[in-house]
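Some notes on the structure that comes next.
The values are calculated or read from the model by the stated rules, or taken from the named source; none is laboratory data. All values reported here derive from a predicted model rather than from experimental measurement. Using ideal geometry, Cβ is built from the backbone for each residue, glycine included, and neighbour counts are taken over all protein chains shown.
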Amino acid sequence: MNHLDGKVVVITGASSGIGAAAARALAARGARIVAAARDQEALDRLVADIRQAGGTAVAKVTDVADAEDVQSLADFAVATYGTIDVLVNNAGLMLFSFWKDRALEDWNRMIEVNIRGYLNAIHAVLPVMLQQASGHILNMDSVAGHQVGDGAGVYSATKFFVQAITESMRKELGVREGVKASTISPGVIDTGWADKVTDPAGRQAAQELNAIAIIPESVADAVVYALDQPADVTVNDLIISPTRQNW
């Protein structure tokens, strides 16, 4: 049975990587996609691809760090499709640096996107889901939310944060309100993240790690599995990583 057919799915960070792959995979299962990111051209290409394949999708340029922007995204989804059934909180930054590098700008960027961005999206979609007493919030986590590696202290902290809020949501929203909460924790995925690291030593470490990365479509398959469940089943966390990743 397909539990995704007709569901309205809002995906942040949808212009590339895991977000774009998940949007395509969910649309192929009949979900109606609302794709959000900052890159208008990439969003336009994604929507065109989905529609050409027979799927349903719209897009809205959104900065997840801006609460008003994210609220406008939620309002747009409701105005377009009438509701929001699923939020895939996917927009994120992984910027490696060592403490001695004092990379404050990178730390703050990750806090803005990985923490405030997630909270902004949850805040925006919750009224709709609570009113209908159903919904699913899937927070993209990381294996770095389970253990801490070199040069990833702040990034791991943001992902431990995701673990904590999702467990709290599972108990408060899932048990009491019928709104599911899940995480997916990918290992190293080739999304172009290594090239975004500004700290020189961190970039070298990231590029070395990225050599074993797997493709975003592998994570998209996990997203489909987690979301394509009956109302009484919640997949709490899925860890998916390269076979040769040792942490």
In the range 199-217, which residue that is at pLDDT 70 or above and surrounded by fewer than 18 Cβ atoms within 10 Å (Cβ to Cβ) is farthest from Gln245 (Cα to Cα)? Glu217
(1) small (Gly, Ala, Ser); (2) assigned to a helix (DSSP H, G or I); (3) over 14 Å from Val88 (Cα atoms) all hold for Gly149 apart from (2)
Only one of Asp150, Asp106, Asp141 is surrounded by fewer than 17 Cβ atoms within 10 Å (Cβ to Cβ), touching a residue at least 24 places away in the same chain (Cβ under 8 Å) and of a type in the set (Asp, Glu), namely Asp150
Looking at (1) under 20 Å from Gly17 (Cα atoms); (2) modelled with pLDDT of 90 or more; (3) touching a strand residue (DSSP E or B) at 6+ places or on another chain (Cβ under 8 Å); (4) buried (at least 22 other Cβ atoms within 10 Å of the Cβ), find the lone condition where Ala181 falls short. (1)
Among the candidates Asp49, Asp75, Asp85, Asp66, single out the residue that is surrounded by fewer than 16 Cβ atoms within 10 Å (Cβ to Cβ), modelled with pLDDT of 95 or more and under 26 Å from Ser218 (Cβ atoms). Asp49
Just for the range 120-138: of the residues that are without any contact (Cβ under 8 Å) to a residue 60 or more places away in the chain and within 24 Å of Pro216 (Cα to Cα), which one is farthest from the chain's Cα centre (by Cα)? Ile122
The lone exception for Leu26 - which of (1) free of Cβ contacts under 8 Å to residues at least 60 places away in the same chain; (2) within 28 Å of Ile240 (Cα to Cα); (3) surrounded by 17 or more Cβ atoms within 10 Å (Cβ to Cβ) it fails: (1)
Given (1) buried (at least 17 other Cβ atoms within 10 Å of the Cβ); (2) at pLDDT 95 or above; (3) at negative phi, Pro127 misses just (1)
Regarding Lys7, is this residue of a type in the set (Lys, Arg) and under 15 Å from Leu138 (Cα atoms)? yes
Kindly establish whether Arg116 is among the basic types (Lys, Arg) and touching a residue at least 12 places away in the same chain (Cβ under 8 Å). yes
Got at least one residue in the range 117-135 being within 23 Å of Ala37 (Cα to Cα) and outside any helix (DSSP H, G or I)? yes
